[in-house]
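S.K.: Encoded as C-alpha cells, here's the structure I'll be asking about.
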Amino acid sequence: PMGRAMLNICIVFAQLERETIQKRVTDAYYSRCLKGFHMSGQAPYGYQLEPTVVEGIRTKKMVADPVAADHVRLMFEMYAQPTTSYGDITRYFAEQGILFHGKELIRPTLAQMLRNPVYVQADLDVYEFFKSQGTVLVNDVADFTGMNGCYLYQGRDVKPGKAQSLKDQMLVLAPHEGIVPSDIWLA
C-alpha cells in the first residue's frame, strides 16, 4: 500500500508539472503573438522570411518577394472585378504556368489567400472592418497607417468550429509591409 501511495503522489506531481509547462508555453505563444512576431511555418505566398531581431529576440520577418507579390496583387485585382470567379483566377494562373509554393493554385487555397489579412495594407478601413466583426484588435487605431500587414490569431476563447467567424480572434499589426491596398482587399 505504501508503494502504491508513493506512486500516486509521483503521478499527481508529474501531471501538475505537465500542465504548468503547457500553460507557460501557451502564455509565451500569446505574448509573442501580441508583439507581432512571425509564429513559425512557411511564409505566405508573396513573402519570404528573413532573420531579424525584435525587442532583443531573434525571430523572422516577412519581406515581399517582388515577383510573387505581383502575382498576389494581380490575384486580388482580378477578384475585385465583379465578373471574375475563383475558377477564372485559378485557370488564369494555371495557363500562365504560375505555381504557388510549387503547386497549381486551387480554389480552397485561393479562398484562404483572399481572406488572409497578412496581405492588406492595414488602414482605418481595415480597423473598422475587423472591429465590426468582433475581432480583438491589439493595436491602437492610430497604428493603422496603411503600411503594415496584419496577423490574425485564433484567440484563447474561440470555440472550435468557428473558423469562418472573426469574432474573438486577435488581429495584430505585423512588422512587415502589406502588399495589397485595403480598398482592393476589402472588395
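The values are calculated or read from the model by the stated rules, or taken from the named source; none is laboratory data. Note that the coordinates shown come from a computational prediction; the quantities given were computed from them, not determined experimentally. Every residue, glycine among them, receives a Cβ derived from its backbone with ideal geometry; neighbour counts consider all protein chains shown. Areas reflect the complete protein model, heavy atoms only, side chains present, ligands, DNA and RNA absent. Shrake-Rupley method; radii C 1.70, N 1.55, O 1.52, S 1.80 Å.
S.K.: Seen from all sides and averaged, what is the projected area of the convex hull of the Cα atoms in the stretch 1-54, in nm²?
M.R.: So the Cα hull casts an average projection of 5.7 nm².
S.K.: Stretched out fully, how many nm does the piece from Thr145 to Arg58 gain, at 0.36 nm a residue minus the Cα gap?
M.R.: 28.8 nm
S.K.: Determine ³J(HN,Hα), in whole Hz, for all residues of the stretch 121-136 in sequence, where each value follows from phi through the Karplus function 6.51 cos²θ - 1.76 cosθ + 1.60 and θ = phi - 60°; x replaces Gly and Pro.
M.R.: Result, ordered by residue: 7, 5, 10, 4, 5, 5, 4, 5, 4, 5, 4, 5, 8, x, 6, 7 Hz.
S.K.: Here's a follow-up. Hey, what's the chain come to in accessible area per residue, 1.4 Å probe, Å²?
M.R.: Value for the chain: 61 Å² per residue.
S.K.: Taking H placed 1.01 Å from N in the peptide plane, check which residues at least 5 places from Asn148 or on another chain put their amide H under 5 Å from its amide H.
M.R.: Ala122, Gly178
S.K.: Got a sec? Charge dipole of the chain, +1 on Cβ for Lys and Arg, -1 for Asp and Glu; which of Val25, Thr52, Ala5 is way out at the positive end?
M.R.: Ala5
S.K.: Pulled fully out, how much extra length does the chain show between Asp183 and Ser40, if you take 0.36 nm times their separation in residues and subtract their Cα-Cα distance?
M.R.: Gain on extension, Asp183 to Ser40, equals 48.6 nm.
S.K.: Let me ask something else about it. Once the dipole of the stretch 67-182 is set up with Lys and Arg at +1 and Asp and Glu at -1 on Cβ about the Cα centre, which of Tyr86, Gln121, Pro108 lies farthest towards its positive end?
M.R.: Farthest towards the positive end: Pro108.
S.K.: Net charge near Tyr45, counting Lys/Arg +1 and Asp/Glu -1 over other residues with Cβ under 14 Å of its Cβ?
M.R.: That works out to 0.
S.K.: What list of ³J(HN,Hα) couplings, whole Hz, do you get for the stretch 176-182 from phi and the Karplus terms 6.51, -1.76, 1.60, once you set θ to phi - 60° and write x for glycine and proline?
M.R.: After applying 6.51 cos²θ - 1.76 cosθ + 1.60, I find 8, 8, x, 10, 10, x, 5 Hz.
S.K.: Follow-up. Which of the residue pairs Lys35/Lys103; Lys61/Lys167; Lys35/Lys167; Lys23/Lys60 have a Cα-Cα distance greater than 29 Å in the structure shown?
M.R.: From the list (Lys35/Lys103; Lys61/Lys167; Lys35/Lys167; Lys23/Lys60), the Cα-Cα distance tops 29 Å for Lys35/Lys103.
S.K.: Right, here's the next one. Averaging over every viewing direction, what projected area does the convex hull of the Cα atoms of the stretch 46-117 cover, in nm²?
M.R.: That works out to 5.7 nm².
S.K.: If you take mean projected area of the Cα convex hull in nm² from the coordinates, which of [x] 14.7; [y] 11.3; [z] 12.7 do you get?
M.R.: Answer by label: [x].
S.K.: Within the accessible area of the stretch 1-134, what % is carbon and sulfur when the probe is 1.4 Å and the other protein chains stay in place?
M.R.: Its accessible area is 56 percent carbon and sulfur atoms.
S.K.: Given H placed on each backbone N at 1.01 Å, which residues far from Lys60 in sequence or on other chains put an amide H within less than 5 Å of it?
M.R.: Here His38, Thr52 satisfy the definition.
S.K.: Between Val12 and Lys131, what length comes free when the chain is fully extended (0.36 nm per residue of separation minus the Cα-Cα distance, one decimal in nm)?
M.R.: The span from Val12 to Lys131 would gain 38.5 nm if fully extended.
S.K.: Oh, and also: Quick check on the stretch 60-187: of the DSSP beta bridges with both residues there, what percent are antiparallel, nearest 5%?
M.R.: DSSP beta bridges in the stretch 60-187 are roughly 65 percent antiparallel.
S.K.: What are the ³J(HN,Hα) values, in whole Hz, obtained from phi via the Karplus relation 6.51 cos²θ - 1.76 cosθ + 1.60 with θ = phi - 60°, for each residue of the stretch 17-29 in sequence order, with x given for Gly and Pro?
M.R.: Computed from phi, the couplings for the stretch 17-29 are 5, 4, 5, 5, 4, 4, 5, 5, 5, 4, 4, 5, 4 Hz.
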